[in-house]
Amino acid sequence: MCIGVIDSGIGGLTVLKSLIKNYPNHEYIYFGDTLHIPYGEKNINELKYYTDKIFKFLESKQVDLIIIACGTLSSNIEYLKSNIPLIDIISPLKNKLDNYHSVGIMATPLSIKTNAFQKYIKSKLNLVSCPLLVPLIENRDYQNMDNIIEEYINKIKDSEVILLGCTHYPLIIDYIKKYYDKKIFTLDEFILPKLKNLKETKYNLQLYFSKIDENLRKNVANILNIDDNLIKFGDVF
Ligand code: DGL
């Protein structure tokens, strides 16, 4: 299968990494919209406009399905239109965390606003909107990360477990663990069963981004440990 994977930036690479590890025999084409990040601060019409262009690009690459490796887009999946089947990463949470008494959720402002998590988790939810994290992660700006994380975690630290509701946040999980020592879930683990019965072929990887700079190159190298020349400019806008 040829699988498209999309996100606003490098966050979806945490999902891609997990997909490749568990299902190595597929062709993966990743698109990170680094030109328009952060999606969590955009409105739905802007996201529709960006994703229309990205879906067309992936269609031209003949992908068989597209994984929406972005919590913010997944929270608004009903607005996204594509000729190719879409798999989002929020709906696979359905009934998976209901046994916990309370679930703390860190996510982007738009994901929190759309109430998407309430649809799939019946437990008591403690939600915290974390607008600062995605830009800091993309810009590799870790200077004030401790203070910021501590402030966000303080709002949800009584939760029995925490779910990182944005695919960027696993990249700073070590900071989060300093302030929360119970179980932390990430979104990528819930999507894996969805790929179980797909026809496997041969591994291949292509990475496209709508804006490329030195920070992006460093981030990709750190996350995937791959050759720099795999990073290509995705000219879709
Ligand atoms: N990785 C995206 C998510 O999971 C980040 C969204 C953003 O760009 O704000 O929500």
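The values are calculated or read from the model by the stated rules, or taken from the named source; none is laboratory data. Remember, predicted model here, so these are calculated numbers, not experimental data. No Cβ is skipped: glycine too gets one built from the backbone with ideal geometry, and neighbour counts run over all protein chains shown. For the accessible areas, the whole protein counts, side chains as well, though only heavy atoms, and no ligand, DNA or RNA atoms are used. Shrake-Rupley method; radii C 1.70, N 1.55, O 1.52, S 1.80 Å.
Compared with the alpha-carbon gap, the fully stretched path from residue 213 to residue 157 is longer by 16.6 nm at 0.36 nm per residue. Stretching the chain fully between residue 77 and residue 174 yields a gain of 32.0 nm (0.36 nm per residue, less the alpha carbon separation). Against the chain, whose longest principal axis is taken from its Cα atoms, helix 214-224 shows a tilt of about 80°.
Straight Cα distances below 17 angstrom link residue 113 to the aspartates and glutamates 41, 46, 78, with same-chain residues fewer than 8 positions distant left out.
In plain terms, the chain from residue 113 to residue 84 could stretch by 7.7 nm, reckoned as 0.36 nm per residue minus the Cα-Cα distance. Only protein heavy atoms count here; under a 1.4 Å probe, residue 101 has an accessible surface of about 130 Å². Take the chain with all the other protein chains still there, run a 1.4 Å probe, and you get 46 Å² of accessible area per residue. Ranking 101, 84, 128 by how far each Cα lies toward the positive end of the dipole of the chain (charges on Cβ) leaves 101 at the top. For the chain, the Cα-based Rg and Dmax, in that order, read 16.8, 47 Å. Which is the longest part of the chain that has none of the GluC sites (Glu not before Pro) sitting in a DSSP loop with at most 16 other Cβ atoms within 10 Å? Segment 1-159 is the longest. Within the accessible area of the chain, the carbon and sulfur atoms contribute 46%, probe 1.4 Å, all protein chains present.
Okay, which of the range 41-78 sit inside 12 Å, backbone N to the point 7 Å along the Cα-Cβ direction of residue 95? Those under the cut-off are none; the list is empty.
The solvent-accessible area of residue 194, taken with every protein chain present and a 1.4 Å probe, is close to 110 Å². Is the range 61-182 rounded, prolate or oblate when judged by the Cα gyration tensor, a ≥ b ≥ c being the square roots of its eigenvalues, rounded requiring a/c under 1.5 and prolate requiring a/b larger than b/c? Oblate. Taking the Cα centre of the chain as origin and assigning +1 to Lys and Arg Cβ atoms and -1 to Asp and Glu Cβ atoms, the resulting dipole is close to 620 debye. Measuring between alpha carbons in the structure, the pairs from 21/124; 96/218; 61/119; 56/157; 61/194; 21/81 lying more than 31 angstrom apart are 21/124; 96/218; 61/119; 56/157. Modelled this way, with points 7 Å down the Cα-to-C-beta line, the labels at residue 198 and residue 139 are 3.4 nm from one another.
Can you bin the range 13-60 into rounded, prolate or oblate? Criterion: square roots of the alpha carbon gyration tensor eigenvalues sorted a ≥ b ≥ c, rounded for a/c under 1.5, prolate for a/b above b/c, oblate for the rest. It comes out oblate by the Cα gyration axes. The magnitude of the dipole of the range 10-96, with charges of +1 and -1 set on the Cβ of Lys/Arg and Asp/Glu and taken from the Cα centre, is near 180 debye.
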